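Below: one structure, written as structure tokens.
Read-outs throughout are calculated quantities, based only on the coordinates presented, and are distinct from any laboratory measurement. All values reported here derive from a predicted model rather than from experimental measurement. Cβ placement follows ideal geometry from the backbone for every residue including glycine, while neighbour counts extend to all protein chains displayed.
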Amino acid sequence: MTEQQSQPVEERILRLLRRLGIDRAHMAAYLPGDWGGLLERYPSAVASLNLICPRGVKTEVLRPHARRVLIVSGDGGNGVADLMRAVDDLPGVTLTMLRDYFSRMWADIMVDRRGEVRSAMLEFLALRDDENPLPSVQLPEGEGEEAGISYTVKGTGPPLLLFPLGLAASQWDPLLPALAERYTTITVGGRYVGMVAFLETRGPGYLRAVRTVVDEVGLEPGQTVLEVGCGAGTVARWLARYTEKRNPVVGADINAYLLREASKLAAAEGLDEVIEWRSANGEGLPFADGRFDATMAFTVMEEGDADAMLAQLVRVTRPGGKVAAIVRSLDMPWWVNLPLPPDLRHKAQTGMGDVVEGGCADASLYGRMERAGLKDVVMLPQYATYASGERLQQQQERMASRLTPKEAEEWRQAIAAAGNQFFISQPFHSAVGTRP
Ligand SMILES: C[S@@+](CC[C@H](N)C(=O)[O-])C[C@H]1O[C@@H](n2cnc3c(N)ncnc32)[C@H](O)[C@@H]1O
């Protein structure tokens, strides 16, 4: 990794703010990777922080600034009890609960609960502005890029930086008109922020699991590949490199924002001639029967009707071709390589992640593939290991955020004691079947 690529996201955001002539801005975000470093190292740049259905809360980082923090959260799902505990530990924080709402990573929050999020944010921002007025900025509307961060400016008023919202299909779009009436909104994107950064940091641990599956498929030069649910194109780009551009790849996804990012990343790597990006729903693919030699869906079937997706993959694969799948595994424990007491180990290693009704995140993958008509299904439960870097940090923070303060202290001591032996392994089920 070059020095330029390894620059932390907070430095990139700071450079962007400087370029736009902004010292301080309101900010709204979803993933802690986007705001954690900023608040820790450059707190004066953050006028307020609006966390929308956040995935992970860095309590220690937030605590000194809790009065300038709004948390909007659904009241459903595994993470709510942990969030409530974090909120108890953040005196002064403002909390808005969305009733009867479970915001999964792929929920389209601004479509689902636009009115409530709008009111919560606008009221909170107005209060912060009354308390500590933020000067307006005059910026031309349009797009730009600085330090690897792409941005789009809309509206006038004090600056409001909008980080990406998970896998949400619509991102901030439904709320932008209301926000842009009172604020200069700066919507940021690119490989270093949001879900794109999150997906990119899964390699090489995750890509090793992908390689096992792809090797099992055994592509011949020239054979065509479809990757459904390609997201930011992490796997499709890896595949193009791995096969030395000998296999035309179609990356298909339902999410326009991620497809845009995928296309830019592939072009930057000179891989655009071998990968074609298509907007498509995996439950009803717009391709002819038998169109591909191999089809793949990696960590996608958790998010929709897994059987419908498999049926489509089988349909568009030629007879004799291969269908490959990887799903996160809620039925296998994670492995945390730390000297932990049994109860704490159990708590850290289980209950991570979720799945929609009809989705697949367990060993039912193997039976589903057979029922979809595939033969010779090779079953490959696997672990992706994160032993250093950003992903290890993200996963350990995610686990730590689910612990009580006493457990979190034990956790920190165990990490210090483990030294270089500390790693976290994430379980996956994966399989390759042959279309008869
Ligand atoms: C966790 S990401 C995985 C991305 C990529 N496969 C990888 O391994 O890096 C899941 C992706 O599946 C996409 N997705 C979810 N449901 C889908 C559907 N019904 N059709 C197509 N894509 C879908 C999401 O938009 C997201 O990009």
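Key figures
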item: S279 versus H346: modelled label distance in nm, points set 7 Å from Cα along the beta carbon direction; result: 4.9 nm
item: Label-to-label distance, nm, for residues given as A81 and Y42 (7 Å Cα→Cβ offset); result: 3.9 nm
item: Cα-based radius of gyration of segment 201-434 once divided by 2.2 N^0.38 Å, which approximates compact folds; result: 1.07
item: Segment R99-E145, length gained on full extension (0.36 nm per residue, minus Cα span); result: 12.8 nm
item: DSSP-defined beta bridges in the chain - what % are antiparallel, rounded to 5; result: 40 percent
item: Max mean-square fluctuation residue, GNM over the chain, Cα-Cα springs under 10 Å, options D173, D343, D112; result: D343
item: Kirkwood hydrodynamic radius of segment 355-436, from inverse mean 1/r over distinct Cα pairs, in Å; result: 15.5 Å
item: Kyte-Doolittle at least -1.0, axis length at least 24 Å by Cα - qualifying DSSP helices, the chain; result: 114-131
item: Restricting segment 1-90 to GluC sites (Glu not before Pro) in coil, as DSSP defines it, with at most 15 other Cβ within 10 Å; result: E3
item: Average silhouette area of segment 9-193, convex hull of alpha-carbon atoms, in square nanometres; result: 9.2 nm²
item: P(r), alpha carbons of segment 170-265 - 10 Å bins starting at zero, rounded %; result: 14, 40, 27, 12, 6, 1
item: CD proxy at 222 nm, helix term only [per DSSP H run n ≥ 4: -39500 (n - 2.57); per residue of the chain; nearest 500]; result: -10500 deg cm²/dmol
item: Counting DSSP beta bridges with both ends in segment 201-434, the antiparallel % (nearest 5); result: 45 percent
item: Within a Gaussian network of the chain (alpha carbon springs, distance under 10 Å), most fluctuating of P91, P164, P32; result: P91
item: Of K58/K347; K347/K406; K58/K154, pairs whose Cα-Cα distance is over 20 Å; result: K58/K154
item: For peptides 204-216, 261-273, sequence by mean Cβ density within 10 Å, most packed first; result: 204-216, 261-273
item: Segment S136-E409, extension gain: residue separation times 0.36 nm, minus the distance between their alpha carbons; result: 94.0 nm
item: In segment 274-364, the trypsin sites (Lys or Arg not before Pro) that fall in loop regions by DSSP, at most 12 other Cβ within 10 Å; result: none
item: Sites L127 and E220, calculated FRET efficiency, Cβ-Cβ separation with R0 60 Å, nearest 0.05; result: 0.45
item: Distance histogram in 5 Å bins (all Cα pairs of segment 180-223, percent per bin); result: 5, 17, 13, 13, 13, 12, 9, 5, 5, 4, 4, 0
item: Restricting segment 348-421 to GluC sites (Glu not before Pro) in coil, as DSSP defines it, with at most 11 other Cβ within 10 Å; result: E357
item: Net length gained if the chain between R318 and S6 were fully extended (0.36 nm per residue, minus Cα distance); result: 108.1 nm
item: Hydrodynamic radius of the chain per Kirkwood, over alpha carbon pairs, in Å; result: 22.7 Å
